[in-house]
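The values are calculated or read from the model by the stated rules, or taken from the named source; none is laboratory data. From a predicted model like this one, the values you see are computed outputs, not experimental measurements. Please note: Cβ atoms are built from the backbone with ideal geometry, for glycine as well, and neighbour counts cover all protein chains shown. Heads up: the accessible areas ignore ligands, DNA and RNA and are worked out on the full protein's heavy atoms, side chains in. Shrake-Rupley method; radii C 1.70, N 1.55, O 1.52, S 1.80 Å.
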Amino acid sequence: MDGVLVSTEIYHFKAWKRLTETLGFSIDEKFNENLKGVSRSVCIDLILKHGGLEKTQEEKDVLAAQKNEWFLEYVNTEITPSNVYPGVINFLETLKQKGYKTAIGSASKNAPLLVEKLGIKKYFDAIVDGNMITKAKPNPEVFLKGAELIGVNPQNCVVFEDAISGVEAAKNGGMFCIGVGSAEILKKADFCINSFTQMSLERLNELA
Ligand code: G1P
């Protein structure tokens, strides 16, 4: 969801960066690639390691809550349906018309709130979010659960992903994976697109 359907990854980055600055260091976009697609608690561990810091679990929980408060502040003040990426609604509408099953597989605990706020809930048959999984991407749990909920064999699923860990999760689950973003970064994807404006049902059937 974040960074694939909607441009919410920029708010996660902004909030994580703000958090690191309170800890006396900073993160850049390159490091942020590691935070995409992974759970809030794993992000905290990656960030602390990056800054060479050690914290107790209680301190980590406080940091995670602070990051989420800032993220929600950005969501509540800045997000509108215009944050849905170009081409996404058209493609989802076509999939629905043709009877394809669709699911969101997100590491984010905020996924249900965001799909509601952005008005895209109606396009999905299932939503698997960070509250429903125990193993972070690249473990395929999130996608396997989505496949199970929509009743589709993993080999017949196509995953769209913007995160390195997410592409690996899709491949670990035996699914075809279309990377949304740079092929240089999403090396393990079966194919990459820059935007859903490049996607259509015809194109999908040619690829997968
Ligand atoms: C979490 C992480 C965020 C990551 C996102 C992926 O979301 O915080 O860094 O990019 O999942 O969708 P959260 O549960 O905090 O919303």
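Quick notes on this structure:
- Accessible area per residue in Å² at 1.4 Å probe, computed on the stretch 1-86: 52 Å²
- Overall form of the stretch 100-208 per C-alpha gyration tensor (a/c, 1.5; a/b vs b/c): rounded
- Whole-Hz ³J(HN,Hα) from phi, Karplus 6.51 cos²θ - 1.76 cosθ + 1.60, for the stretch 95-109, glycine and proline x: 4, 5, 4, 8, x, 6, 8, 10, 9, 9, x, 10, 6, 7, 6
- Taking a ≥ b ≥ c as the square roots of the eigenvalues of the Cα gyration tensor, the chain is prolate, since a/c reaches 1.5 or more and a/b is larger than b/c.
- Amide H contacts under 5 Å for residue 6, placed H, 5+ residues apart: 85
- Every helix of 4 or more DSSP H residues in the chain counts as -39500 (n - 2.57), and over all residues that averages to -13500 deg cm²/dmol at 222 nm.
- For the stretch 153-208, size of Cβ-based charge dipole, Lys and Arg +1, Asp and Glu -1, in debye: 100 debye
- Alpha carbon centroid spacing (whole Å) that separates the stretch 57-103 from the stretch 124-150: 15 Å
- From phi via Karplus (6.51, -1.76, 1.60), per-residue ³J(HN,Hα) for the stretch 172-177 in Hz, x at Gly/Pro: 5, x, x, 9, 6, 10
- Heavy-atom surface analysis with a 1.4 Å probe gives the chain a carbon and sulfur content of 49 percent of its accessible area.
- Averaged per residue, the stretch 113-163 has 49 square angstrom of accessible surface, using a 1.4 angstrom probe with ligands and nucleic acids left out.
- Total charge dipole magnitude, the chain, about the Cα centre, Cβ charges on Lys, Arg, Asp, Glu only, Debye to nearest 20: 280 debye
- Whole-number percent relative contact order across the chain, with pairs defined as alpha carbons under 8 Å at least 6 apart: 20 percent
- Percentage relative contact order, the stretch 7-100, counting C-alpha pairs under 8 Å, at least six apart: 37 percent
- Among the chymotrypsin sites (Phe, Trp or Tyr not before Pro) found in the stretch 98-137, those both in a DSSP coil and sparsely packed, with 16 or fewer other Cβ atoms within 10 Å of their Cβ, are 100.
- FRET efficiency, residue 31 to residue 182 (Cβ-Cβ, R0 22 Å, nearest 0.05): 0.90
- Taking each residue as 0.36 nm, the span from residue 22 to residue 57 lengthens on full extension beyond its C-alpha to C-alpha distance by 10.8 nm.
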